[in-house]
Amino acid sequence: VLWVGMDDGNLQVSRDGGSTWTEVSGNVPGLPYGTYVSRITPSAAEPGRAYAAFDGHRDGDFSPYLYRTRDFGESWEPIMDNLPSGAVNDVIEHPDNTDVLFVGTEHFLFASTDAGESWARFRNMPTTHYDDILIHPREKDLVIGTHGQSIWVLDDTRPLAEWNARTAAASAHLFSVREATIFTYWKDTSYRGQAEFAGENPVDGAIITYNLGEGNGDALLRVTADDGTVIREYEVPSDPGLHRVNWDLRHPAQLDAGPEAWESFAGQRYHRNLGNRGHFVSPGTYTLTLEARGTSVSTTVDVKGDPLMPLTQAQYEEREDFLTGIQELLTEFTEALGGPGFRRGDIQEMTDEERMLQAHRRNVMGVYNDLNGSGVRQGSLYPPTETHREMVSAAREALATHQH
């Protein structure tokens, strides 16, 4: 099936690959004669379905004209109710849900989750001409091209495709989560020329979207490994409505940290958080559980290894176990040295044995930072070397001697 729209409003369809054509412009109700065809979008769901947008601004007509056919253009239904004034430039259908539509107009971007019965404007977007829209076939990101206001990307539109009356009415709903990938940045700073022209990177790790109904109280998001081990707990936003947070695929920075307050990163100088952070988990399937409004809902996320690294599952697990062991060891060192309140100035008051323990502690922390990264310096996804193991073993032996 082929569709052709022309500047003079002529709209034609071919059902035999272009051998014959049929004009269907006259079947569009309420459309002024000769209105420019701005976009034809065939549906991927069925051959006879298509969407047509028309632009009459050259005749001083800024009304939105948007129609859908289900029978190869024999009849058309208007779906532009509730769209404000402004010519329609593009329309697309979500590949996972034909009731979800996106429309770009002369001024705004809109979405519908009920096949065009109602429309909602995207907020926090520039007021400008929206020229083109597409959904990435693998990532399901919404990619938007504007006139003079750059290219915009909405990460992961799966929650919109899953939106329905049931999810809207639920007291708490956790949408499916696309797979997440482990990788390390080469460096977390850029040269000045790059800083001016590089786009903003997506958030780290897994993007998690959930909806909460009316009510109050806290909301807790828990990440659990397949053996039942709790990896991470976050206190997440609990206001009614739709929320999006992320898990960076890491353990907490501190062992047995308990629930952490989730915060979005909004740094001005760097594009991601360079603060104290824990080490990566291994590839695998993890359960995400949201507890809120007196109920609990769960889904899973598949975590993949870096596709550019020649690492096995065993190597990832070896690295993870080693770094988790270091976190446990550092906790023991902190207790042996008098707790987390130790300050550099206290060294003068320490015994020789305590200074020796402090030196071992620094060595262990150095090993952790070598593999995990620290500040702007990247880490490594490879397992520990023999030197790493020897330094940690020496520290563990020294601590055991001190404790006995």
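The values are calculated or read from the model by the stated rules, or taken from the named source; none is laboratory data. These numbers come from a predicted model, not from an experiment. Glycine also receives a Cβ, built like all others from the backbone with ideal geometry; neighbour counts cover every protein chain displayed. Surface areas here come from the heavy atoms of the whole protein model, side chains and all, with no ligands, DNA or RNA. Shrake-Rupley method; radii C 1.70, N 1.55, O 1.52, S 1.80 Å.
Evaluated at 10 °C with a viscosity of 1.306 mPa s, what Stokes-Einstein diffusion coefficient in µm²/s does region 86-125 have when Rh comes from the Kirkwood expression over alpha-carbon pairs?
Values: Rh = 10.2 Å.
Result for D is 155 µm²/s.
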Compute the angle between helix 386-403 and the longest alpha-carbon principal axis of the chain, please, reported from 0 to 90 degrees and rounded to the nearest 10. 50
Of Tyr185, Met80, Gly34, which is farthest along the charge dipole of the chain in the positive direction, counting Lys and Arg as +1 and Asp and Glu as -1 at C-beta? Tyr185
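With r defined as the distance between the Cβ atoms of Ala170 and Ser14 and R0 fixed at 56 Å, what FRET efficiency is calculated, to the nearest 0.05? Can you show the working numbers first?
On the way: r = 45 Å, r/R0 = 0.81.
FRET efficiency, Ala170 to Ser14: 0.80.
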Can you pull the percent of the chain's accessible area that's carbon plus sulfur, 1.4 Å probe, other chains left in place? 48
Explain nothing, just compute: Karplus ³J(HN,Hα) = 6.51 cos²θ - 1.76 cosθ + 1.60, θ = phi - 60°, for every residue of region 252-262 in order, whole Hz, x for Gly and Pro. x, 5, 10, 4, 6, 5, x, x, 10, 6, 6
Taking K and R as +1 and D and E as -1, what net charge do the other residues with C-beta under 15 Å from the C-beta of Gly56 add up to? -4
Excluding ligands, DNA and RNA, what is the solvent-accessible area per residue of the chain at a probe of 1.4 Å, expressed in Å²? 53
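Near Ser43, within a Cβ-to-Cβ distance under 9 Å, what is the net charge of the other residues, with Lys and Arg +1 and Asp and Glu -1? Could the numbers behind the result be given before it?
Values: positive: Arg49, Arg68, Arg70; negative: Glu46, Glu93.
Cβ neighbours under 9 Å give a net charge of +1.
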As a test of the formula, what do you get for the chain when each DSSP H run with n ≥ 4 contributes -39,500 (n - 2.57) and the sum is divided by the residue count, at 222 nm and rounded to the nearest 500 deg cm²/dmol? -6000 deg cm²/dmol
Calculated SAXS-style log₁₀ I(q)/I(0) at q = 0.13 Å⁻¹ - the chain, Debye, Cα scatterers: -1.14
So what's the angle, to the nearest 10 degrees on a 0 to 90 scale, between helix 352-372 and the longest Cα principal axis of the chain? 20
For Ile208, enumerate residues with amide H under 5 Å from its amide H, sequence gap 5+ or separate chain, H modeled in the peptide plane. Val245, Asn246, Trp247
Estimated vicinal HN-Hα couplings, Hz - region 23-40 in sequence order (Karplus 6.51, -1.76, 1.60; Gly, Pro = x): 7, 10, 4, x, 8, 8, x, x, 9, x, 4, x, 5, 4, 7, 8, 6, 10
Measuring from centroid to centroid over Cα atoms, what is the spacing of region 133-183 and region 256-318 in Å? 19
Checking a compactness column here: for region 28-70, what do you get for Rg(Cα) / (2.2 N^0.38 Å), N being the number of residues? 1.24
Once the Cα atoms of helix 313-336 and of the chain are each reduced to a long axis, what angle between those two axes, in degrees from 0 to 90 to the nearest 10, is obtained? 50
